[in-house]
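The values are calculated or read from the model by the stated rules, or taken from the named source; none is laboratory data. Bear in mind the structure is a predicted one, so any value in this text is a computation, not a measurement. Positions of Cβ are generated from backbone atoms using ideal geometry, with glycine treated the same way; all protein chains shown enter the neighbour counts. Only protein heavy atoms, including side chains, enter the accessible area calculation; ligands, DNA and RNA are left aside. Shrake-Rupley method; radii C 1.70, N 1.55, O 1.52, S 1.80 Å.
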Amino acid sequence: MKPIKFQLTIEHLWGLAALVGIFVFVNTHPIRPHDFWWHITIGREIISTGQIPTIDIYSYTANGQPYPSYQMFWLMEIVLYELFNLGGPALVIFIHSLVICSAYVIIFWICKQSSKSWRVAAFGAIFAAALGLNDWNVRPQGITFLLASLFLLAIYEYRKYRKWGWLVVFPLGMLVWVNSHGTFLIGLVLMVFWLGQTIWDAIQLRNSVENRIAKRLVLTASIIFGITTLTCLINPRGSGIINYIKTLTGNSVVQNLVTEWAPPTFNNLMGTIFLLGLMGGAIVLALSPQRPNIIQIMTFLVFGLLGLKTSRGSVWFGLAMAPILAEHISSIVNQLQTVERRPMNLEGSRTLNIIFAIVIIAMGLLSLPWFKSALPLPQAKAGLVSEETPVQATQVLLKENPTGRVFNSMSFGSYLIWAAYPQYQVFVDPRIELFSEKTWLDYLNISNASVNWETLLNNYEVNILMLSPVEQPALVEAVQESGGWELLYKDTSAFLFRHK
């Protein structure tokens, strides 16, 4: 048996550069304040009490109110807390980077298998990454991208090779997914597309032998889909998890106040990327000499509509469409090639290829969180914990220990829950659906320094303000001009005031 020889070529460098680029981007992205801290607080509470909490104790505006989301994220909250407890922010970021990058490695692999081209596969991975980079903050959702890519891989491999081992991915993956994040329905949608394609294939076959085989494949897909659907019930809420999803997606506060739930527009970068990706995808499918199959058509329509409805759907459109676009781009390229065209040198210099590969891999290693302090990164990327996080202001708050309630910027609430409870409770925090519409309207009126902002603060018995100069500039200015507040601390991220 002849040994398999592998020669590094320019083609391979395309894939290596794309995947290491994703790894470097995530590795150098600091932990932002919005979600991470309250999630690991719940993880700590679950570990210490042995129970998943059911009500809010961290705010004074919704204290005692039921909060079913705790039961939705509990598994990843434990994982994130244990990682933080074991290795601090550096280990959390590193493991998060591995999870995110693994998802796009799988997408790259599927693109490579469907297109037979390293360059096209690299484009597919970059396409998926561009549509998802706004969703890579450290939070429970991170694991779902890996799970979705595993579902796609299992569907692709089973359809091609019919190896039964891939079918285990669906129920086991769903068991993790349904206990980590509410997007588990995405996994079921992907399976519905697979089942629909299998049924369509069986209908098209007229040969009796092939038809019988196709019917067995339909039966197999149906059974696995049924088992995976039943697996969704293995969570703390059981069948009630569906009602939770309906309540969350129908919450007017979430829909109207959270920007990532709003439809995409050309007024911001991520909206522009999605809309251009959607139009580009439609053009590729229209120009391809290869007719899209049922899975591909349904993927484009369903995930395209999801992305048009909410910006949070952009990442799923990217992940699901990347392998499809890779296949059809490859088909277009093959059609455009002519017999007379001289073959391109796709190998390049072996020595230069190795040098470039070493440089790319070295960049990936240097991006590890433990080396980050030595890198000349821009301020937005500097540090393991984002500069938006009120770390110093919270330390001053705890040291000075002023009496009374805190009115805080919404984005600060998560960190205050982690670092300041039980000494202080928050006004609001990123658990958007927990708080009433009135509370959010009051928050906005105070933050915008409306005419009655001080009256509203008095109504809530607020004596302490922790404000963001970026998110609440009008209020910071109004407080400084009012003469009724004493400045205890300020930096680029936070202003801390005490009522005189």
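Before moving on, here are some points about what is shown:
- From the list Leu416, Leu441, the lone residue that is of a type in the set (A, V, I, L, M) and open to solvent by less than 50 Å² (accessible area, probe 1.4 Å) is Leu416.
- Any hit, the range 89-102, residues being touching a Lys or Arg at 6+ places or on another chain (Cβ under 9 Å), open to solvent by less than 50 Å² (accessible area, probe 1.4 Å) and more than 22 Å from Arg431 (Cβ to Cβ): yes
- Any chance Thr144 is polar (S, T, N, Q), buried (at least 22 other Cβ atoms within 10 Å of the Cβ) and either touching a strand residue (DSSP E or B) at 6+ places or on another chain (Cβ under 9 Å) or free of Cβ contacts under 8 Å to residues at least 60 places away in the same chain (or both): yes
- Whether a residue is in contact with a strand residue (DSSP E or B) (Cβ under 7 Å, 6 or more places away or on another chain) and closer than 14 Å to Ala494 by Cβ was assessed, and Pro402 does not pass this test.
- Restricting attention to the range 174-225, the residues being under 36 Å from the mean Cα position of the chain (by Cα) and assigned to a loop (DSSP other than H, G, I, E, B) number 6.
- Filter result for the condition that a residue is open to solvent by 10 Å² or more (accessible area, probe 1.4 Å) and either free of Cβ contacts under 8 Å to residues at least 24 places away in the same chain or aromatic (Phe, Trp, Tyr) (or both), over Pro53, Pro68: Pro53
- In the range 92-108, the residues that are farther than 17 Å from Leu150 by Cα form Cβ pairs under 6 Å with partners that are assigned to a helix (DSSP H, G or I) and at pLDDT 95 or above, at six or more places apart or across chains, as follows: Val92/Leu83; Val92/Phe84; Ile95/Leu83.
- Checked against (1) of a type outside the set (Phe, Trp, Tyr); (2) open to solvent by 10 Å² or more (accessible area, probe 1.4 Å); (3) on the phi < 0 side of the Ramachandran plot; (4) touching a residue at least 24 places away in the same chain (Cβ under 8 Å), Ala449 meets all criteria but (3).
For (1) at pLDDT below 95; (2) assigned to a helix (DSSP H, G or I); (3) buried (at least 19 other Cβ atoms within 10 Å of the Cβ); (4) not hydrophobic (A, V, I, L, M, F, W, C), each residue gets a yes or a no:
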residue	(1), (2), (3), (4)
Gly15	yes, yes, yes, yes
Val26	yes, yes, yes, no
His29	yes, no, yes, yes
Trp38	no, yes, yes, no
Gly43	no, yes, yes, yes
Thr61	no, no, yes, yes
Met72	yes, yes, yes, no
Glu77	no, yes, yes, yes
Tyr81	no, yes, yes, yes
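- Residues being within 17 Å of the chain's Cα centre (by Cα) and closer than 20 Å to Leu365 by Cβ - total across the range 73-109: 13
- With respect to (1) closer than 18 Å to Ser59 by Cβ; (2) part of a loop (DSSP other than H, G, I, E, B); (3) of a type in the set (S, T, N, Q), the lone exception for Thr492 is condition (1).
- Restricting the range 369-378 to residues that are surrounded by fewer than 17 Cβ atoms within 10 Å (Cβ to Cβ) and touching a Ser or Thr at 6+ places or on another chain (Cβ under 9 Å), the residue that is farthest from Ala494 (Cα to Cα): Leu375
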